[in-house]
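Peer 1: I'd like to ask you about the structure that follows.
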Amino acid sequence: MGKSSEKNLSNLTLWDKNYLLHPDGALQRHRDTGGPIMVAGQGVWLWDSAGNQYLDGTGGLWLCQIGHGRSEMADVAYRQTKTLEYFTSFWDFTTQPTVELAAKLVSLTPAPFNHVFFTSGGSESVESALKMIRRYHILRGQPNRRLVISRNRAYHGVTWGALGATGLSAFREQFGDDFRDYVYAAAPYRYRCELCSSADRCTLDCVTTIETLITQHGPENIAAFIGEPVLGAGGMIDPPHADYWPRLAEILHHYNIPFILDEVVTGFGRTGRWFAMEHWGLQPDIITVAKGLASGYAPIGAVLVGDAIADTLYGSPDAFYHGHTYSGHPVASALALKNLEIIERERLVENASAVGAKLLSSLQAEAKSLPFVGEVRGFGMMLGIELVQSRTTKEPLMLNDLMVTTIFLRNGLIVRPVGNSLVLSPPLSMTMEEAQELIHRLVTGLHELGDHVPSI
């Protein structure tokens, strides 16, 4: 891949610094430093405008299941755009790819998920799910059921309702304290459990705190529980115990609390199953999805709705006054269909399980020689590396995220710093050879990182 001309590169860098407000970015710092501007991708590889090549350890943002630069995806986008670039799915209208994608999603999920509402992404999916639940309770004559139970360290998006459900307080604090309809239970974080980290094994007290919140506030006042199967943006924290989710689902069922499972990150093979809920045989009431649905080739998400919720919505003669302009966009839907076809055809779900296991075992072995690595966690193609000042005290090693990112970029690898952890979510299409290259670059970067931290 060739690099941009010197003049064009200078313009791109200037325009990026001065004009673009970066999501989740340190805006003041970026105006001074700028950052890589990606211009091409192929498989697990990316190239920036300066001609530098990187291994994409993040899959974009937890989403590029099939890898970058698929020509058959470009062909689908061209054909659908030429045939019908857009028409609405509002009211009684829709388009052929939209309906076909809805049917495909129903076929991929176990009963009773027979209903699909399309969005443009994960935050919209969570927002839509929360509004559906609110409408569901109102239609059933229970308007007081407003309270949503989430968990500390959870991430569910940044639109207003989704932001309320997000348990990472830094995301909420910038926008005031107007989230009274949300409460947060303990995170299932065995390495730093606030409840049982000193015990020999997980006691599942983190599940008990959810039941305590239910009884404290009264089930008649609770709208839903929402949770990610694996806490992604909270540091790639996998469930601490095989019984965590089954026990929690049992409690929710006992108190008749609707269960929203947020599979925006974990859906479509990321954990080595089509949906993470399959690992525990869960049957939530609503599933939210996005990211891997089209692998980033188009912005699209969905809410998969179980029969119990959908039947209540269908039972009202009134319109459901909620929707988005691009819900079920035909080009995005066509791309999602092709993406799912590729995942099936190339057995990328199975590949995620095998390659993910290789990455985890290799990184855990390499970490033994790195005293500032406290824990290496993994679940399919989701990996987290927690950095500590001491393995004994587990005191977090908080480093400048720009310094961390820069060190790995110099080694041709993109990782994502999250607090005192590094998280990775490479494309599910990654080969064993590419996984070995990722490990090499990651370990090289970690050694260099150690050289730059005086306290280590």
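Peer 1: Return the residue satisfying two criteria in turn: it lies in the stretch 86-99 and is out of contact with any helix residue (DSSP H, G or I) (no Cβ under 6 Å at 6 or more places or on another chain) and touching a residue at least 12 places away in the same chain (Cβ under 8 Å), and of such residues it is surrounded by the most Cβ atoms within 10 Å (Cβ to Cβ).
Peer 2: Across the stretch 86-99, the extreme among qualifying residues is 94.
Peer 1: Now for a separate question. Here is a list: 20, 46, 12. Which entry is in the same structural domain as residue 417 (by TED's automatic domain parsing), farther than 21 Å from residue 297 by Cβ, of a type in the set (A, V, I, L, M) and buried (at least 16 other Cβ atoms within 10 Å of the Cβ)?
Peer 2: Exactly one of 20, 46, 12 is in the same structural domain as residue 417 (by TED's automatic domain parsing), farther than 21 Å from residue 297 by Cβ, of a type in the set (A, V, I, L, M) and buried (at least 16 other Cβ atoms within 10 Å of the Cβ), namely 12.
Peer 1: Name every residue in the stretch 365-391 that is surrounded by fewer than 22 Cβ atoms within 10 Å (Cβ to Cβ) and either acidic (Asp, Glu) or not assigned by TED's automatic domain parsing to the domain that holds residue 355 (or both), in order of residue number.
Peer 2: 366, 375 - these are the residues of the stretch 365-391 that are surrounded by fewer than 22 Cβ atoms within 10 Å (Cβ to Cβ) and either acidic (Asp, Glu) or not assigned by TED's automatic domain parsing to the domain that holds residue 355 (or both).
Peer 1: Further question on the same structure: Please determine, by comparing only the residues of the stretch 114-144 that are among the β-branched types (Val, Ile, Thr) and more than 21 Å from the chain's Cα centre (by Cα), which one is nearest to residue 292 (Cα to Cα).
Peer 2: The extreme case among them is 133.
Peer 1: Further question on the same structure: Among the residues of the stretch 102-125, which ones are surrounded by 14 or more Cβ atoms within 10 Å (Cβ to Cβ), out of contact with any strand residue (DSSP E or B) (no Cβ under 8 Å at 6 or more places or on another chain) and over 19 Å from residue 285 (Cβ atoms)?
Peer 2: Hits for the stretch 102-125 are 104, 123.
Peer 1: When the residues of the stretch 192-218 are narrowed to those that are hydrophobic (A, V, I, L, M, F, W, C) and assigned to a helix (DSSP H, G or I), which ends up farthest from residue 390 (Cα to Cα)?
Peer 2: 214
Peer 1: Kindly check whether there is at least one residue in the stretch 125-134 that is more than 24 Å from residue 267 (Cβ to Cβ) and not aliphatic (A, V, I, L, M).
Peer 2: For the stretch 125-134, residues more than 24 Å from residue 267 (Cβ to Cβ) and not aliphatic (A, V, I, L, M): absent.
Peer 1: Next question. Restricted to the stretch 53-85, and to residues that are touching a Lys or Arg at 6+ places or on another chain (Cβ under 8 Å) and among the polar types (S, T, N, Q), which residue is nearest to residue 96 (Cα to Cα)?
Peer 2: Going through the qualifying residues, I end up with 65.
Peer 1: Against the condition closer than 23 Å to residue 239 by Cα, basic (Lys, Arg) and at pLDDT below 95, how does residue 358 come out, does it pass?
Peer 2: Spelling it out, it is not the case that residue 358 is closer than 23 Å to residue 239 by Cα, basic (Lys, Arg) and at pLDDT below 95.
Peer 1: Could you check the stretch 56-103 and list, in sequence order, the residues that are within 27 Å of residue 434 (Cα to Cα), of a type in the set (S, T, N, Q) and assigned to a helix (DSSP H, G or I)?
Peer 2: 71
The values are calculated or read from the model by the stated rules, or taken from the named source; none is laboratory data. Everything numeric in this text was worked out from a predicted model, so none of it was measured. Cβ: placed from backbone, ideal geometry, glycine included. Neighbour counts: every protein chain shown.
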